[in-house]
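Below is one structure; the comments refer to it alone.
The values are calculated or read from the model by the stated rules, or taken from the named source; none is laboratory data. Predicted model only: the values in this text are computed from it and were never measured. Positions of Cβ are generated from backbone atoms using ideal geometry, with glycine treated the same way; all protein chains shown enter the neighbour counts. With ligands, DNA and RNA removed, areas are computed over all heavy atoms of the protein, side chains included. Shrake-Rupley method; radii C 1.70, N 1.55, O 1.52, S 1.80 Å.
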Amino acid sequence: MTTGVEATVPDSAVALTISGMTCAACSARVQHALESSPGVSEASVNLMTNTATVSYNPAATSPHALTEVVEHSGYGALIPPPDRTVEAELLEETAHRAAEITTLRRKVGVSLVAAVLAMVVSLPLMGTPAPGVFDPFMQAMMLVSSPIERLWPGLFRISHDWLRYGMLLLTPIVVAFSGGQFYARAWRALKHGGTNMNTLIAIGTGAAMLLSAATTLHHDWFVARHLPPDVYYEAVLWIVAFLVLGDYFEERAKHQTGEAIRRIAGLRPDSAVVLRGDVETEIPLAALLAGDDVLVRPGQRIPVDGRVLSGTSAVDEAMLTGEPMPVTRGPGDDVVGGTLNGAGALRVRALRVGRDSVLDRILQMVRDAQGTRPPVQRLADRIARVFVPVVLVLALLTFATWALIDPDRFLMQGVISAISVLIIACPCAMGLAVPTAVMVATGRGAELGVLIRSGEALERSRDIRIVVLDKTGTVTEGRPIVTQIVLASGAGSAAENALLTTAAALERQSEHPIGAAIVAAARSRDLPLPEVTDFLNIAGLGVRGRLTGRDVVVGNLRLLEQLGIGWTSPAVEDAERAGGTVALIAVDGHFEGAIVVTDPIKPGSTAAVAQLKHLGLEVVLLTGDNRHAAERVGREIGADRVVAEVLPAGKREEIVSLQRQGRGVAMVGDGINDAPALAQADVGIAIGTGSDIAMHTGQVTLIGGELQGVARLILLSRQTLRIIRQNLFWAFAYNVVAIPLAAGVLYPVLGLRLSPAIAAATMALSSVCVVANSLRLRGAGRPTAVRLAPGTATSHPPLSPK
């Protein structure tokens, strides 16, 4: 029996670890293969992190099937174990990268020594350049030729044939050791019908070696046909040396791009002291289980998310909240792994371990963001997909052009120019231009307390022109406090305490935030709260009950009007106009006074708004609170506009209205009621101390709830996009200029000829420049401090204990 409605299976996501990618053509090939696979809705391949994030339909494919797709495209793929923590992945990645750097350092040393030796041995074989020809590599060799001849005259008396045969034996050995990976990768790509940067390197250096071997073994044949019997062994070795040196610097730079996320991961200790009975046992953090009791000594970092069972201490939570002042934590309080314990010892029960911990969730969000691709990447992807085949065609055209001009004079020139074109063309720089910048920026954002979920959110943040702020819990603390007590008659602290005791006794049984503020104020004065009978909670109006035989009412104006209780108080009316929330108190039908409750503004909110306006942004305060309260907050923080008394659906409609103006809109909120607006905004920014729904809806999370993180996000985004555009310009401009130079377009005019060795050096330099430029973002995202006007209010002080 069918229902006529097909059940839809929601997409799943998997992050694959990809091996063998070396350039933009590689990542473009893997991405195209995944996107073309049945059941895949979206794929994002990141050359920088060697990962592929794939969204797929579980009914149509599986993670194992996706790894086969990657393998059929010529690359390796692994599914990380689901129970492995992000921290463990980082440690493994760091160890692998350190080993790779050590291997590359060894290969660089061998290839550089061999290249220098080959260059020296080649000096006796070097002829005089043709008149009007300028080859930078040849000029460098000529400069060292005379000094070497004076220091080692015997070298120039050795038979040229012996020198050629010696280099014929040396070059393949060194190339196999230091550059064998280029040929292996090129062969693997060829087997699967693809090409990549290694294809260009393998063909270029292979052609140079074969040509050199041919002139060595058949020297007389070349001479008889008036072809220069030149050998290029030293050029091949220099090419390999420069390429491996470029890989070495690039790998080191990649290692530095992950420094921020490694510092975050390093906040947690490697082990924990577990208490089983009275026995202390130190175990690795990975072996810790939920429910274990952990001893945290003074000065140690708390190893796990948990709840304090005993002990009191000041805990530095700056890594989570950004607040420099430690907070007191005692029995019943929750603590977060990675925060720093103060002078007291704590016994903590582990609640969340492994991937469920706050620190691991933060790390996972950063890692996910680093694996995503902003829209600006698409141009580089389109070019990279066809880049290598185009370069191969250009190299063939280069050879054919020189050969057709004059085969007798320029045949060898055509071969060398074609090899230079193959070597100098660099898809690496294009592949690294965007992901290096995104990786550094998202890591830097995490250091600044700004978790950016995707490269798209990072790019969109640059175009934000309006920042919409929710009020309660975002601009304000979200925890109301008593700021004033107004008496209907009489004065003095005794009368105030009596009124506060009366209101707090009733509100103790209420769950309303205003009631909680009144109770907190009474407890701060150590006032005893008598028992209440006949308690009644009147929804939306207030509370009522009997206290020491008297009928007591605490509520708003409508409740007193319903009960026919009259009241007048200019002070209360002034407090309402100023934006305070007023709880009126009546006893036995007579108005006795009022308690004014205010939600204080967060200390940094005013400065944050000033920074946003300094960046040229319009700031709108959007709230469901009453207009008086909203306008009071808007005035104090300096908002450009205030929109009050708006329901959750109305918040979303307000965002839509602003977007119709054609300007990018960011929404900042913390509550469930903000989720529709966060989802609608071009960039949704969730306060990290708010609800889980808000955090999951927003594309950006401010870890500690610090509003100044919005300005940091905008500034970081602008700086990142500027760096990305610089990188892409350099990568594209490099190839536009370098390929024609290598082909010899200036040779007929200026006599300029780029040898393959010079081509290799510039190719390696281009990738290193792109990565080094991205590393400048490690100091980005700090907005200029804005001086506030004297007397600018930032908060309403609570009522002092009396």
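Near V244, once Lys and Arg are set to +1 and Asp and Glu to -1 for all other residues with Cβ below 11 Å from its Cβ, the sum equals 0. The coefficient of translational diffusion for the chain, derived via Stokes-Einstein from the alpha carbon Kirkwood radius under 10 °C and 1.306 mPa s, stands at 51 µm²/s.
Using the Karplus relation 6.51 cos²θ - 1.76 cosθ + 1.60 with θ = phi - 60°, the per-residue 3J(HN,Hα) values for segment 340-345 come to 9, 6, x, 8, x, 8 Hz, with x marking Gly and Pro. With a 1.4 Å probe rolled over the protein heavy atoms of all chains, the accessible area of K613, K651 falls in the order K613, K651, largest first.
Ordered by 1.4 Å accessible area with all protein chains kept, S146, S420 run largest first as S146, S420.
Note: relative contact order over the chain, using C-alpha pairs below 8 Å and six or more positions apart, is 15 percent.
Net charge in the neighbourhood of G473 (other residues with Cβ under 12 Å of its Cβ; Lys, Arg +1, Asp, Glu -1) is -3.
Computed over the chain, the per-residue total of -39500 (n - 2.57) for DSSP H runs of n ≥ 4 gives a 222 nm mean residue ellipticity of -16500 deg cm²/dmol, rounded to 500. What a 1.4 Å probe finds exposed on the chain is 58% carbon and sulfur by accessible area, rounded to a whole percent.
Between the C-alpha center of segment 503-570 and that of segment 619-675 there is a gap of 31 Å.
Based on protein heavy atoms only, the chain ends up with 44 Å² per residue of surface accessible to a 1.4 Å probe. Membrane-span-like helices in the chain (whole DSSP H runs, Cα extent of at least 27 Å along the helix axis, mean Kyte-Doolittle hydropathy of at least 0.5): 86-122, 197-217, 377-405, 427-447, 709-743, 756-774.
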